[in-house]
């Protein structure tokens, strides 16, 4: 079983984006039991609140333009508060990038598990986004790999297999990605020369 | 013999943005109560606990809670908008009470603590669009009240229209209760849709229909307004030129020509006089209260569990025809009709479903339909 790092909730600041309602009081009680500092706001979340560690938002009456960041790019985990299980509302919550949800009515339980699930999902989304960015960079660098192979064939002699072997060994010896190694070869970095 | 007095909460907004609907609903519920209370053979009488939330969503839960806790009501006949129903549901669920909801709504709900006697989209919007799309054209303009009813009906209408190869030329919302509609008329005039779907509620709907009537006076070939929630009450008080030519789907129209409806209207004439037109909200609340009283009579108690067993076990005769409530979804199977309004504000029936349509609140079956409506060969599409 993977041991996960639990977020330091006692240091957290939560924002509840919801109009005044008994469910807001119930949610506030749950969060304050976890020693989370709570701010309630409606109808907009301002930039000062964009530093919050988690945002609970109303999926029933929510609308575009409530958040000070582009749609789906919240800089923290966000949790939808759902009363209407209508596809239109759920799709809207998904478009915002919801990492977890709590069903209304809200009683005395649910917030803690929603927080942990949202924090985990958010980390995972962030990590995957980073991975995708790296892979996209590598994809963009693919032409340089071809150029490096041609460069090696022309300047080092040997066949294509030998050129590939050379490229891989440069990457391995210097702890680079294949693409970075290729770039180094193309600019004649001295680390990439045979025997280096 | 003393009769047991059973308190029942009647929770409709008789003031506020959709007060006209609420007032008719209260009248309907009271008419059903009068019938049981005047029946000397009845072992119980109903005591109406009437509250008016004034159209403020947040007041519904407070009043429902008070009716259940302090006045011992175990049944609430009430709420018109989904916004208010969703406020009351947690309260009835918490207390083991039962909410009797009798208005058309957008679906995606099936609480054990509610009875759904109004139509959901496979009983209103889909049959309406199956009629309208092949006959009027594929370019729809949608206007709605700005809450879940307007949003979700619009979404389903968009899916249905697009699956038919059509498009939504505009999708506009108005705050619940607002009568600012001039910008909608201006946009309709500019975009020239083939028809207008109105999901407006209460005074917003009446204001829009009235303004559209003015626009239509000077516009040849103006398309119809179609709706799933337009009834006689929305046209009442409007100028005659604004009332006619609108298509509405409903489980009841005053002019429904059936023996049950004729008998019902005769009874209501005795109570309210011959001038009173029976509107869908009146009929809906009447039906809810009437089924409840018959179920109490059968069960010998108003305990919600016992009532639920009774109402899902047999069919109930109503002025709109026999109604059967599904045991799993708590939704009624209903027979939708299509009506065309005239200058008196009444609806002439154009067509009716052959039989009651089982409710599909989550559109599980309708979502799988791959049969867009067919343009009838003999009818010309009006552009």
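Where a number appears in this text, it was derived from the coordinates with a stated rule and is not lab data. Keep in mind that this is a model prediction, so the values were computed, not measured. Note that each Cβ is placed from the backbone with ideal geometry, even for glycine, and that neighbours are counted across all protein chains shown.
Quick notes on this one:
- Between residue A:141 and residue B:327, the C-beta separation translates, for a Förster distance of 51 Å, into a calculated FRET efficiency of about 0.20.
- Three-way shape label, the range B:144-198, alpha-carbon gyration tensor, a/c 1.5: oblate
- The protein assembly as shown: Rg to Rh, with Rh as the Kirkwood radius over Cα pairs: 1.12
- Gain on full extension, evaluated as 0.36 nm per residue between residue B:258 and residue B:219 minus their Cα-Cα distance, stands at 10.3 nm.
- To the nearest ten degrees, helix B:203-217 and the longest principal axis of the Cα atoms of chain B are 30 degrees apart.
- Computed lengthening from residue A:69 to residue A:117, 0.36 nm per intervening residue step minus Cα-Cα distance: 15.1 nm
- Cα gyration tensor category, rounded, prolate or oblate, for the range A:21-95 with a/c compared to 1.5: oblate
- Computed from Cα positions, the angle between helix B:125-136 and the longest principal axis of chain B comes to roughly 20 degrees.
- A simple spin-label model places pseudo-atoms 7 Å from Cα toward Cβ; at residue A:191 and residue B:167 they are separated by 5.6 nm.
- Treating r as the C-beta distance of residue A:85 and residue B:187 and R0 as 30 Å, the FRET efficiency rounds to 0.40.
- Debye-sum result for the range A:141-192 in log10 I(q)/I(0), which assumes one identical scatterer on each alpha carbon, at q = 0.26, 0.27, 0.31 Å⁻¹: -0.95, -1.03, -1.33
- Order of B:280, B:269, B:301 - criterion: other Cβ atoms within 10 Å of each residue's Cβ, fewest first: B:269, B:301, B:280
- Panel order for A:23, B:98, by other beta carbons found within 10 Å of each beta carbon, from fewest to most: A:23, B:98.
- Two-decimal ratio, chain A, of alpha-carbon radius of gyration to 2.2 N^0.38 Å: 1.53
- Cβ-derived FRET efficiency at R0 45 Å, residue A:4 paired with residue A:168, nearest 0.05: 0.80
- Among beta bridges that DSSP assigns inside chain B, antiparallel share in %, nearest 5: 30 percent
- The DSSP beta bridges internal to the protein assembly as shown are antiparallel in roughly 20% of cases.
- Once the chain from residue B:50 to residue B:351 is taken as fully extended at 0.36 nm per residue, the excess over their C-alpha distance is 104.7 nm.
- Label reach from residue B:58 (point 7 Å along Cα→C-beta): in the range A:26-53, amide nitrogens under 13 Å belong to A:41-43.
- Put a dot 7 Å past the Cα of residue A:33, heading toward its Cβ, do the same for residue A:131, and the two dots end up 3.5 nm apart.
- Rough spin-label spacing in nm, given labels placed 7 Å along Cα→Cβ, for residue B:358 and residue B:236: 3.7 nm
- Ranked for footprinting exposure by Cβ neighbours inside 10 Å, fewest first, B:51, A:46, A:180, B:326 give A:46, B:326, A:180, B:51.
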